[in-house]
Amino acid sequence: MNVLIVGSGAREHALTWKALQSPLTSAVYCAPGNAATAAIAVNSGLQATDVVGIARFVAEREIGLTVIGPEAAVAAGVADRLIADGRLVFGPTAAAGRIESSKAFAKSLMARAGVPTPAHHVFDDPARAKDFVRGERRPFVVKADGLAKGKGTLVPRDADETLECIDTLMLRKTVGAAADRIVLEEKIDGREVSLMALVDGDRVVPLPPACDYKRALDGDKGPNTGGMGGYSPVGFFGPEEIDRAVTAVLKPVVQRLRDEGTPYYGCLYAGLMVGPSGVQALEFNARFGDPEAQVVLPRLSGDVVPWLEATARGALGEINPSWSGRSTVGVVLASRGYPGTYQTGYPVEGLGTLEPDVFAFHAATTAGPAGYLTAGGRVLTLVALGDSIGEARERAYRNVDRIRFQGMTYRHDLALREIEAPVLP
Ligand code: GLY
């Protein structure tokens, strides 16, 4: 079978790498892919949101399964078009994908489904939002309603900072029209965990949980980013917690979407907060997480293609996914200045010296005559497998030391809390 992976980041490099391991796969194409996928698969030259071009390519190349990576492709309706053409696609329709593309929709869906989630308030008018915060005299998480490439959620410390965040999103328009509407959400304490699941319109099959690190600097300081690394498994979120979250969060939402006529097919990602008041759902993503995919896919011991295909066919009942007992730690290597301004075009050295069980999933590189050059803020995710989180962490950082590019920056504290305090107090 020919497989098409839609997207261009480290997540899509990991999906391409995994799909190529399947004996069911004849060829893997990417839309558009990146410099590293060009070395192992075939880049199509098509953008991820080019619905018409992708539909034509799928027909011409007899693609048996299309796997959608990024949220922009979901929102653009790639799945809708391929379904209309009678093609098999892993990824939700734009309507089901509103669970990510509209935070207000996601919150109201959670309310309709009875899913535990912090209380919220929706505003279209910045003055009214600020009046509300002044009246409450406490901080709220401020979320742009629309897609904002990971820059739409701000977490202020107090009421004054909340007012500032409303201005940032709604008046200074840092994420454009995505913040014409905002959600103010109660702040709750706890630890965040990402639980991704395969969903076939009806059934929910959870994948191993992972934790990601959104802040740029050690100690969870600095600005929010698209993700600076992650690890899997998660000590405070074992099999019992997974079962409970599937029952309390994922299944009710999937059932509700089906009952409302917009069944969900693909990977559904729940961002959960585990704290004194149990598990609460903070957000959903209509896709694999990034960098969660990079740390979870290497742990899956089986062939991923039949799972993706069964998800798309609505046949997950025939599948029993298994994953290894091994652990992963992924470190994002970024360009100095990210998520602000940064320079690119520097040679990436040392990629050929990595140890076995260490993978470099590229996010933003170009191929130069003498090797890869940096081409963006997050350059690659370096992922190491180990028999424990401690071993994976040690191996990951030992191999980070083998990679060099000018201005290379990364977090040094990834997975440390998992080793020092794996369970919640
Ligand atoms: N890791 C968060 C995301 O994929 O949006």
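The values are calculated or read from the model by the stated rules, or taken from the named source; none is laboratory data. All figures in this text were calculated on a predicted structure; none of them were measured in a lab. Please note: Cβ atoms are built from the backbone with ideal geometry, for glycine as well, and neighbour counts cover all protein chains shown.
Odds and ends about this structure:
- Residue 268 among the hydrophobic types (A, V, I, L, M, F, W, C) and either in contact with a strand residue (DSSP E or B) (Cβ under 6 Å, 6 or more places away or on another chain) or farther than 26 Å from residue 150 by Cα (or both): yes
- Any hit, the range 332-353, residues being closer than 19 Å to residue 15 by Cα and within 16 Å of the ligand (Cβ to nearest atom): yes
- Of all residue pairs spaced 6 or more apart or on separate chains, those with beta-carbon atoms under 6 Å, a first member in the range 312-331 that is over 15 Å from residue 232 (Cβ atoms) and a second member that is charged (D, E, K, R) are 314/200; 316/200; 316/203.
- Residue match in the range 279-301 (condition: at negative phi, within 16 Å of the ligand (Cβ to nearest atom) and of a type in the set (Phe, Trp, Tyr)): yes
- Flag for residue 331 being under 22 Å from the mean Cα position of the chain (by Cα) and of a type in the set (A, V, I, L, M, F, W, C): yes
- Here the condition is being within 16 Å of the ligand (Cβ to nearest atom) and either in contact with a Cys (Cβ under 9 Å, 6 or more places away or on another chain) or on the phi > 0 side of the Ramachandran plot (or both); of 143, 149, it holds for 149 alone.
- Filter pass, residue 248 being within 14 Å of the ligand (Cβ to nearest atom) and of a type in the set (Gly, Ala, Ser): no
- Filter pass, residue 48 being surrounded by fewer than 24 Cβ atoms within 10 Å (Cβ to Cβ) and within 16 Å of the ligand (Cβ to nearest atom): no
- Checking 257, 308 one by one, the residue that is in contact with a Pro (Cβ under 7 Å, 6 or more places away or on another chain) and either more than 16 Å from the ligand (Cβ to nearest atom) or more than 22 Å from residue 9 (Cα to Cα) (or both) is 257 and no other.
- When residues of the range 20-35 are limited to those that are crowded, with 24+ Cβ neighbours inside 10 Å and either without any contact (Cβ under 8 Å) to a residue 24 or more places away in the chain or not in a strand (DSSP E or B) (or both), the one farthest from the ligand (Cβ to nearest atom): 33
- In the range 104-145, the residues that are closer than 18 Å to residue 268 by Cβ and aromatic (Phe, Trp, Tyr): 105
- Of 259, 303, 290, all but one fail to be surrounded by 24 or more Cβ atoms within 10 Å (Cβ to Cβ) and of a type outside the set (A, V, I, L, M, F, W, C); the exception is 290.
- Top-ranked residue in the range 177-220 [being in a strand (DSSP E or B) and of a type in the set (Lys, Arg); ranked as nearest to residue 69 (Cα to Cα)]: 215
- Residues in the range 308-332 that are in contact with a helix residue (DSSP H, G or I) (Cβ under 7 Å, 6 or more places away or on another chain) and modelled with pLDDT of 95 or more were compared, and the one that is surrounded by the most Cβ atoms within 10 Å (Cβ to Cβ) is 330.
- Residue pairs meeting the criteria (Cβ under 9 Å; at least 6 apart or on separate chains; first over 14 Å from residue 268 (Cα atoms), in the range 202-214; second more than 9 Å from the ligand (Cβ to nearest atom) and of a type in the set (Lys, Arg)): 211/191; 211/417; 213/411
- Any hit, the range 78-96, residues being touching a residue at least 60 places away in the same chain (Cβ under 8 Å) and within 16 Å of the ligand (Cβ to nearest atom): yes
This table checks each residue for (1) buried (at least 20 other Cβ atoms within 10 Å of the Cβ); (2) closer than 29 Å to residue 417 by Cα; (3) over 18 Å from the mean Cα position of the chain (by Cα); (4) within 16 Å of the ligand (Cβ to nearest atom).
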residue	(1), (2), (3), (4)
161	no, yes, yes, no
177	no, no, yes, no
180	no, no, yes, no
192	no, yes, no, yes
198	yes, yes, no, no
207	yes, yes, no, yes
215	no, yes, no, yes
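- Selection count where residues are assigned to a loop (DSSP other than H, G, I, E, B) and under 27 Å from the mean Cα position of the chain (by Cα), scope the range 130-159: 12
- Residue list for the range 106-129, filter: surrounded by fewer than 18 Cβ atoms within 10 Å (Cβ to Cβ) and assigned to a helix (DSSP H, G or I): 108, 111, 112, 126, 127, 128
- Residue count, the range 239-294 (criterion: assigned to a helix (DSSP H, G or I) and in contact (Cβ under 8 Å) with a residue 24 or more places away in the chain): 19
- Hey, residue 100 part of a helix (DSSP H, G or I) and without any contact (Cβ under 8 Å) to a residue 24 or more places away in the chain or not: no
- Residues of the range 220-238 satisfying the condition of being out of contact with any Pro (no Cβ under 7 Å at 6 or more places or on another chain) and either without any contact (Cβ under 8 Å) to a residue 60 or more places away in the chain or away from the ligand (no atom under 15 Å from the Cβ) (or both): 220, 221, 222, 238
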